[in-house]
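To start, the structure itself, in structure tokens.
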Amino acid sequence: MQDPFTFRCPKCRNVIEKGWQKCSSCGLQLHIVCPSCGKLTFVSSGCEHCGTPLTVKCQNKKCGYVQIKIGDRCLKCNKKLD
């Protein structure tokens, strides 16, 4: 059974650890700027500083993938995110 507190890279799903700067598998930067407070935060479901959710849901009805917004396209179906 997987530990529920295991962090995974939002791009390649490799196991990552809080505090890492980059994913050891795909090289993705693991800190993003929170769209609400503007502070640098680790990629997780919410900002470490203000708690604002960092996830978005793909609007493609056939997809609906929930992900951390690390770009402007869905990581699963590649459709443009709103």
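The values are calculated or read from the model by the stated rules, or taken from the named source; none is laboratory data. Quantities reported herein were computed from a predicted structural model and do not represent experimental measurements. In this analysis, Cβ positions are derived from the backbone assuming ideal geometry, glycine residues included, and neighbour counts consider all displayed protein chains. These area figures cover heavy atoms from the full protein model, side chains too; ligands, DNA and RNA do not enter into them. Shrake-Rupley method; radii C 1.70, N 1.55, O 1.52, S 1.80 Å.
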* **Listed candidates (i) 6.9; (ii) 5.9; (iii) 7.6 - label of the one calculated as mean projected area of the Cα convex hull in nm²** => (ii)
* Structure fact -> Carbon/sulfur accessible area of the chain, % of total, 1.4 Å probe, equals 49
* When only the heavy atoms of the protein chains count and the probe is 1.4 Å, how do 34, 63 rank by accessible area, highest first? -> 63, 34
* the chain: relative contact order in percent, alpha carbon pairs under 8 Å with at least 6 residues between -> 16
* Mind putting a number on the dipole of the chain about its Cα centre? Charges go on the C-beta only, +1 for Lys and Arg and -1 for Asp and Glu, and I need it in Debye to the nearest 20. => 440
* So how much accessible area does residue 31 have, in Å² to the nearest 10, using a 1.4 Å probe? -> 50
* **Rounded to the nearest 10 Å², the accessible area of residue 28 at probe 1.4 Å** => 30
* To do: Using a 1.4 angstrom probe, figure out how much accessible area the stretch 15-54 has per residue, in square angstrom, rounded to the nearest whole.
  => 58
* Can you list the lysines whose alpha carbon sits under 28 Å from that of residue 39, skipping same-chain ones fewer than 8 residues off? -> 11, 18, 22, 57, 69, 76, 79, 80
